[in-house]
Amino acid sequence: ESVSKKEKVKQRPLALNTVEMLRVASAALGMGPQHAMQIAERLYTQGYISYPRTETTHYPENFDLKGCLRQQANNPYWADTVNALLSEGINRPRKGHDAGDHPPITPMRTATEAELGGDGWRLYEYITRHFIATVSADCKYLQTTISFSIGPERFTCIGKVVTSPGKFTEIMPWHSIPLEESLPHCEKGDLFPVGEIKLLEKQTSPPDYLTEAELITLMEKHGIGTDASILVHVNNICQRNYVTVESGRRLKPTNLGIVLIHGYYKIDAELVLPTIHSAVEKQLDLISLGKANYHQVLEHTLDIFRRKFHYFVDSIAGMDELMEVSFSPLAATGKPLSRCGKCHRFMKYIQAKPSRLHCSHCDDTYSLPQNGTIKLYKELRCPLDDFELVLWSSGSRGKSYPLCPYCYNHPPFRDMKKGMGCNECTHPTCQHSLGMLGIGQCVECENGVLVLDSTSGPKWKMACNKCNVIVHFFENAHKVRVSAETCDLCEAALVDVDFNKAKSPLPGDETQHSGCVFCDPVFQDLVELKHAAMRHPMHRGGQGRRQGRGRGKGRRPGGRLNPKKPKDKMAALAAYFV
């Protein structure tokens, strides 16, 4: 009945900002926002891209676009496209938004997949292709609209045929117009046979869970967070078990997340609606533009949230009711593990994340280190509070250390912080403390101390109480003890080792030896440095360390700690530090 044709343009993208980079990284590259930003920051510090935290999508007039493009002229992945642009002339990027912070994310020097590898290359490749596309020609196509009738019913179909692909779709082929969108040539009045008619019965389906990319888009739309904080918010709801990341990076709310949201809605809906957060963000924007007074906005906002906090606390019973319906009481979960130092009854170990100990009699809950196994430690008690110690372990190839549940949550000494185990405790006489088991300062990190793992025999090891360094030594020894004496050369604690006569590697069939694990030539072939197989980032510890214990600065990952046999003690020390 009618055929109309119209030339249209598919525009090249705006210059790349942080939110768009995170959105593409999640949707197309399968990277979480936090992981993508960590990679982008690494690429920035290595000089491959410009600063990755920016809200700006507009290049300043004096930005050297050609200089950045020339950097890519010899890269085999897009050299032909880049050289064609340089010879034909580049297009000025589209006018975007200038937030007044940093220029858009731009490749600053060329790289190869071999240099960056894995996710680093994939993110760099996207950033580079996006930049090249911003200075390329738009894609032009002819849109054909055909209206036709079958009996009394009218139908319309639309097809597209590319007339000028431009360099934009050449460098970003996923934006190109597929051939299947084209229509056959026809004129008004043409007749076509009806090939097939189907009548299908279907039903509507609910929308799927939001993807990370969709969530980031909505957060930007509603003014929740900035280019720097959006990824933190998304990461937080995953870490706190409010959502789980499903296939396709879809975010599925957990029971905990759903109950929390319903509880907030029931008490004060503004705490979870995007309106109040975006209102605060707008006030901050007004401060930055000089249109609002900082102190007035601060006092006003604090006053609002102070009132909301008190109202929420007064109404907390509503949240408790929802929690009780959806979850078992803490006292009814877990299995008995260790005794409480206050009531001397068994506390229950709750394995569900975050794992913790709960005393139902005292109604106290104690946090534990995460991502490892917890078991009772020989029914030994802390000399400070009488709590039974537990042993945390990350596995046979990882680290393990005992801890007191009470001290872990309530540091007993000023130089300790919350979240420290016995391997960082500065108690002067406790047999499990840093003071009794610390051997020497870590060979890799600044503040760590290598501490004997007294549970590791017969495959003995000492592990850094800050980083993931592990030193294996004296395999099959009967006993390993930390001596009160120290090495004259490096001030590390001496170690007393007892071997069974049948398995002794000591010279002259000796079964006992006392010496420094770093300097003693007898121990040279019995000490080996490795890295722990950790299932989690190390918890943050304090600066406490065993005083007077030395630290070796040289390191050879996976190799021997001891130097070759020297001629004298000073040569030994010099060789070790080299």
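The values are calculated or read from the model by the stated rules, or taken from the named source; none is laboratory data. Since the model is a prediction, treat every value here as computed from it, not as a measurement. Here the Cβ is made from the backbone with ideal geometry for all residues, glycine too, and neighbour counts use every protein chain on show. What goes into the accessible areas is simple: the full protein's heavy atoms, side chains included, and nothing from ligands, DNA or RNA. Shrake-Rupley method; radii C 1.70, N 1.55, O 1.52, S 1.80 Å.
Yes/no per residue for (1) closer than 21 Å to HIS97 by Cα; (2) open to solvent by 20 Å² or more (accessible area, probe 1.4 Å); (3) acidic (Asp, Glu):
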{"residue": "LYS6", "(1), (2), (3)": "no, yes, no"}
{"residue": "GLN11", "(1), (2), (3)": "yes, yes, no"}
{"residue": "LEU14", "(1), (2), (3)": "yes, yes, no"}
{"residue": "LEU22", "(1), (2), (3)": "yes, no, no"}
{"residue": "GLU55", "(1), (2), (3)": "yes, yes, yes"}
{"residue": "ASN62", "(1), (2), (3)": "yes, yes, no"}
{"residue": "LEU85", "(1), (2), (3)": "no, no, no"}
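Just for helices (runs of 4 or more DSSP H) wholly inside region 1-110: which have at least 1 residues that are under 29 Å from the mean Cα position of the chain (by Cα)? Break it down into steps so the answer makes sense when it comes.
Details: elements: 18-27, 33-45, 65-70, 79-88.
Fully inside region 1-110 and qualifying: 18-27, 33-45.
Here THR128 passes the criteria (1) open to solvent by 30 Å² or more (accessible area, probe 1.4 Å); (2) of a type in the set (Ser, Thr, Tyr); (3) in contact (Cβ under 8 Å) with a residue 24 or more places away in the chain except the one numbered (1). Can you tell me which residue is farthest from SER433 (Cα to Cα) among those in region 464-490 that are in contact (Cβ under 8 Å) with a residue 40 or more places away in the chain, assigned to a strand (DSSP E or B) and open to solvent by 10 Å² or more (accessible area, probe 1.4 Å)? Going through the qualifying residues, I end up with HIS472.
Taking each residue of region 268-286 that is in the same structural domain as HIS222 (by the TED database) and looking for partners that are open to solvent by 60 Å² or more (accessible area, probe 1.4 Å) and hydrophobic (A, V, I, L, M, F, W, C) with beta-carbon atoms closer than 6 Å, six or more apart or interchain, yields VAL272/ILE261. Taking the criterion of being under 48 Å from the mean Cα position of the chain (by Cα), closer than 22 Å to LYS5 by Cα and part of a loop (DSSP other than H, G, I, E, B), the residues of region 164-206 that qualify are PRO165, SER176, ILE177, PRO178, SER182, LEU183.
I need the full set of residues from region 429-450 which are open to solvent by 10 Å² or more (accessible area, probe 1.4 Å), under 22 Å from PHE387 (Cα atoms) and not hydroxyl-bearing (Ser, Thr, Tyr), in order please. Within region 429-450, CYS430, GLN431, HIS432, GLY435, MET436, LEU437 meet the criteria. Say we look at region 207-226 and pick out the residues that are at pLDDT below 90 and part of a loop (DSSP other than H, G, I, E, B); which of these is most open to solvent (accessible area, probe 1.4 Å)? Within region 207-226, the match that is most open to solvent (accessible area, probe 1.4 Å) is HIS222. Residue under question is LEU116, and the condition is that it be surrounded by 17 or more Cβ atoms within 10 Å (Cβ to Cβ) and touching a residue at least 24 places away in the same chain (Cβ under 8 Å); does it hold? Spelling it out, LEU116 is indeed surrounded by 17 or more Cβ atoms within 10 Å (Cβ to Cβ) and touching a residue at least 24 places away in the same chain (Cβ under 8 Å).
Kindly indicate whether GLY89 is over 20 Å from ALA228 (Cβ atoms) and open to solvent by 20 Å² or more (accessible area, probe 1.4 Å).
Working: over 20 Å from ALA228 (Cβ atoms): yes; open to solvent by 20 Å² or more (accessible area, probe 1.4 Å): yes.
It is true that GLY89 is over 20 Å from ALA228 (Cβ atoms) and open to solvent by 20 Å² or more (accessible area, probe 1.4 Å).
Pairs meeting the criteria (first residue in region 302-320 and within 18 Å of ILE261 (Cβ to Cβ), second residue open to solvent by 70 Å² or more (accessible area, probe 1.4 Å), beta carbons under 7 Å, at least 6 apart or on different chains) are GLY318/LYS266.
Against the criterion of being touching a Ser or Thr at 6+ places or on another chain (Cβ under 7 Å), more than 16 Å from GLU20 (Cα to Cα) and open to solvent by 20 Å² or more (accessible area, probe 1.4 Å), GLU170 qualifies. It is to be established whether one or more residues within region 97-109 are over 30 Å from HIS185 (Cβ atoms), among the charged types (D, E, K, R), in contact (Cβ under 8 Å) with a residue 40 or more places away in the chain and surrounded by fewer than 13 Cβ atoms within 10 Å (Cβ to Cβ). Among the residues of region 97-109, at least one is over 30 Å from HIS185 (Cβ atoms), among the charged types (D, E, K, R), in contact (Cβ under 8 Å) with a residue 40 or more places away in the chain and surrounded by fewer than 13 Cβ atoms within 10 Å (Cβ to Cβ), which makes the answer yes.
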